[in-house]
Amino acid sequence: MSARAASYTPAKRKSSLREQLASRSFGTTIQRLVIYAILIAASIAFLFPLVWMLSTSLKIKSQVMAMPPKLIPDPIRWANYPDALNSPNFPFLILLKNTLTYTLLSTTGVLLSCPLAAYAFSRLRWPGRDLVFLATLATMMIPGTVTLIPTFIIFRSLGWTGSYLPLIVPAFFGGAFYIFLLRQFFMSIPMELSEAAVVDGASHFTIMTRIVLPLAKAAIATVALFEFLACWNDFMGPLIYVTNEKLYTLSLGLYAFRERWELRYDLMMAAGLVVTGPILILFFFTQRTFIEGITLTGIKG
Amino acid sequence: MSRAVVPRLTLASGLRRRGAREALLGVLFALPWIIRLISLHIYPMLAAFYYSFTRYGMVQAPQWIGLRNYATIFGRDKLPLQAFYNSIYYSIGAVPLQLALGLFLAILLVQRIHGLSFFRSVFFIPTVVPAVASSILWLWLLNSRIGLVNEVLTHIGLPRIQWLSSPRWVKPAFILMSLWGIGWDTVIFVAGLQNISRHLYEAAEMDGAGLWARFRNVTLPMLSPTIFFNLVMGTIGSLQVFGPAFVILRGAGGGGPQNAALFYVLYIFRQGFSYFEMGYASALAVLIFLFILLLTALVFRSSAVWVYYEGTR
C-alpha cells in the first residue's frame, strides 16, 4: 500500500509519463499482492475453526488431546459420527424431523403472510397505513428482550407452551423484517405495470400474483432462506417453549449433548458438524440470494 | 353544461368506490400482520411495564407491589448491576472491533481484485453456523489446556490464557467469538462501498489525495449511513447477547468465573424461566429496554453531525 503512495511523491511527478505509468503499475502489482495476502490470511482465519472441527470429529479419543495437536487425524475414525448419532440423548432422526417441522411450517407461514402485508404497504392506499408501517419499523428496533416474558405469559395462558405452536403460529401472521424487505422490493416495481392492469379490470389479487410476485422472486427467495436459517439455528425459542425431550430440535439436542458428553470433543464436534452441515450445503447453493438479500436490507435500511 | 357534470360525478363516485374497495383490501391484506403487531409486539411491550410493578410467580395472579422490584434491582440485588456492566463491556469491546474489521475487509474486497464473491462468501460462512454449534466449537478452541487458540499463542511466544475460567479473560473470549461473525457487517459494507461513485475517488486522486486522505474524505463520509446502520444494529444485538453465553456457561444458572460473564439477558432468563419471578424479570427487561431506547435516540441525534445522506439538504 505504501508503494502506491510513493508513486505520488513530487520526484516521481516530474518524471516522464512512461516512467510514471510503469512505476504505477509496479506499485499496483505490489499493492494487489498485499491485498491478496491479507485476504487469504483472513480466509484461513475464518475457515480454520471449521476445518479444526472436522479434524477433531475424525480423531480417536486419545488423539483429541494429543500434544502438539495434529491437523490430519491418524487414524481417521469415521465411527465418531455413528457414535454421536446413536447416542441415547441425541436421537438424530427425531431431532431432524422436529427441526424440519418447525423450519418448514414457519417458512410457509411467512411466505403466505408477508407478501400480502408488503403489497398492502406498497401498492394499496388505506387509512392508517403510514402509521402501521411506522410501528412496523419500530418493532425492528425494539429489543426482543422486553417482549420475552409477556409473550411467554400469553402463550402459557393459551395452553400452548410445551408445543411448537408459539414458534410456528406467529409466522403465519408475518414478520416486521420480511415485510419491510418485501415492501422495499415491491416499491421498485414500476407502478405503471399495475395501473395498466387495473385499467384492464384486473383485481389486486391478480396483480399481486401475476405481476408483482413473479417480479419479486429474488426477494421472496431471500425471505424464505432467512426464515429457514433463523428457525434452523433458533435456540432461545425452543429452549423456552419446548420442554419435552421428544420435541427437541437439533440445536436443543446439541445443547443437551454437550451437557452429557462434556470433554468428549471428538463426539461433540461430530454432532456439531451434523447440525451445521445442512446449513452449509444450503448456503453453498444459495449464496447469491443470501448476499443480495442482506445487501438489500443494509442499503435501503 | 349539465351534460358535462353528470359524467364527472359518476367518475368521482366511481373513483370513491374504487378507493373504498382499495382501502378495504389494504386493511384485509395487512390484517394478519396488524393482529400480530398488536398482540405480540405492542401489547407485550406495555404488559412488560405492568408486570414490572408486580410480583408474579405464574401460580397466582400478578400482585401489585409498586416500585419494589426496581428498589431491589438498584439496592439489595447486586447482580443486575454486575450483569449490566458485563453487557456494556462486551458491547463496547465487540461493536467497534466488528465495525473496524468488517470495514477493513470490505475495503480490501472492493479493490479491483479477482475472487471478490469467493472471499465474501468465505467471510460470511461463520454467520450461518448455528449458535449452539459455534459455541461448542469455540468451547473447544478456547480450551485453556489444549485449545487451538492457546496453541497458536504459545507458538508465537505469548503466554497461555485461561479464556473461560478467569474473570479477566472471559469477556474478551466472548468478544473474540463475536468477531468470527463479522461477515454479515462485511457484506453490508461491501454493498455500501460499491455504491460510492468512482468519480469521487478519481477527483480526489487528481487533487493529489493519498490513500488515507481518500479514505478520510471520500469513503468515510459516503459510507457513514451504512456505518450508522451497522452501529445501531450491532449495539442493539450485542447488548442482548444470549445464546453463546447460555451454551458455554451451561445454562442461565452459571455466570462464568465470579459472574464475570453473567450477561444481562442471561440474568433476565434466570429470573424469568429458572425462578419464575416474572415481575422481577419484567422490571429488568424494562430497564434494558429503556437504556437501549435512550442509546438509540442518542445515536440518532448524533447522526445529524456525522452521517452524510446524499441528496438531502
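One table, with the values for the structure above:
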quantity: Qualifying residues in region A:279-294 (those that are more than 10 Å from chain B (Cβ to nearest Cβ) and of a type outside the set (Ser, Thr, Tyr)) - the one surrounded by the fewest Cβ atoms within 10 Å (Cβ to Cβ); calculated: A:Phe285
quantity: Criterion (within 30 Å of B:Gln60 (Cβ to Cβ) and assigned to a loop (DSSP other than H, G, I, E, B)) met by exactly one of B:Gly279, B:Gly253; calculated: B:Gly253
quantity: Hits in region B:256-276 (condition: part of a helix (DSSP H, G or I) and either over 18 Å from the mean Cα position of the chain (by Cα) or farther than 17 Å from B:Leu239 by Cβ (or both)); calculated: B:Pro257, B:Gln258, B:Asn259, B:Tyr267, B:Phe269, B:Arg270, B:Gln271, B:Gly272, B:Phe273, B:Ser274
quantity: Unique residue being buried (at least 16 other Cβ atoms within 10 Å of the Cβ), modelled with pLDDT of 95 or more and more than 10 Å from chain A (Cβ to nearest Cβ) when the list is B:Leu137, B:Leu164, B:Leu176; calculated: B:Leu176
quantity: 2 or more residues in contact with a strand residue (DSSP E or B) (Cβ under 6 Å, 6 or more places away or on another chain) and under 19 Å from B:Leu101 (Cβ atoms): qualifying helices (runs of 4 or more DSSP H) within region B:136-202; calculated: none
quantity: All positions within region A:194-225 that are in a helix (DSSP H, G or I) and not aliphatic (A, V, I, L, M); calculated: A:Ser194, A:Glu195, A:His204, A:Phe205, A:Thr206, A:Thr209, A:Arg210, A:Pro214, A:Lys217, A:Thr222
quantity: Test: residue in region A:26-43 that is surrounded by 15 or more Cβ atoms within 10 Å (Cβ to Cβ), farther than 30 Å from A:Pro166 by Cβ, facing another protein chain (nearest Cβ under 10 Å) and touching a Gly at 6+ places or on another chain (Cβ under 9 Å); calculated: yes
quantity: Checklist (1) under 23 Å from the mean Cα position of the chain (by Cα); (2) under 26 Å from B:Tyr43 (Cβ atoms); (3) part of a helix (DSSP H, G or I) applied to A:Pro143, failing item; calculated: (3)
quantity: Test: residue in region A:88-98 that is without any contact (Cβ under 8 Å) to a residue 12 or more places away in the chain, in a loop (DSSP other than H, G, I, E, B) and more than 30 Å from B:Phe119 (Cβ to Cβ); calculated: yes
quantity: Pairs where the first residue, in region A:132-151, is in contact (Cβ under 8 Å) with a residue 12 or more places away in the chain and the second is of a type outside the set (A, V, I, L, M, F, W, C) and assigned to a helix (DSSP H, G or I), C-beta under 7 Å, 6+ apart; calculated: A:Thr139/B:His41; A:Thr151/B:Pro44
quantity: Selected residue (criterion: nearest to the chain's Cα centre (by Cα)) from residues of region A:182-193 that are part of a helix (DSSP H, G or I) and within 16 Å of A:Leu296 (Cβ to Cβ); calculated: A:Leu182
quantity: Residues located in region B:47-69, provided they are closer than 21 Å to B:Ser274 by Cβ and in contact with a Leu (Cβ under 9 Å, 6 or more places away or on another chain); calculated: B:Ala48, B:Ser52, B:Asn69
quantity: Criterion: among the polar types (S, T, N, Q) and in contact (Cβ under 8 Å) with a residue 60 or more places away in the chain - qualifying residue of B:Ser166, B:Ser117; calculated: B:Ser166
quantity: Candidates B:Ala83, B:Ala131, B:Ala100, B:Ala106 - the one that is crowded, with 22+ Cβ neighbours inside 10 Å and under 16 Å from B:Ser238 (Cβ atoms); calculated: B:Ala83
quantity: Region B:263-285: number of residues that are surrounded by fewer than 23 Cβ atoms within 10 Å (Cβ to Cβ) and in contact with a helix residue (DSSP H, G or I) (Cβ under 7 Å, 6 or more places away or on another chain); calculated: 2
quantity: Entirely in region B:23-112, the helices (runs of 4 or more DSSP H) that have 2 or more residues that are away from chain A (no Cβ under 12 Å) and hydroxyl-bearing (Ser, Thr, Tyr); calculated: B:68-74, B:79-109
quantity: All positions within region A:146-171 that are facing another protein chain (nearest Cβ under 7 Å) and under 21 Å from the mean Cα position of the chain (by Cα); calculated: A:Pro170
quantity: The one condition in (1) over 25 Å from the mean Cα position of the chain (by Cα); (2) in contact (Cβ under 8 Å) with a residue 12 or more places away in the chain that B:Leu153 fails to fulfil; calculated: (2)
quantity: Out of A:Ala117, A:Ala138, sole residue that is farther than 30 Å from B:Gly102 by Cβ, out of contact with any Leu (no Cβ under 7 Å at 6 or more places or on another chain) and at the interface with chain B (Cβ under 9 Å from one of its Cβ atoms); calculated: A:Ala117
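The values are calculated or read from the model by the stated rules, or taken from the named source; none is laboratory data. All of these numbers come straight from a predicted model, not from anything done at the bench. Using ideal geometry, Cβ is built from the backbone for each residue, glycine included, and neighbour counts are taken over all protein chains shown.
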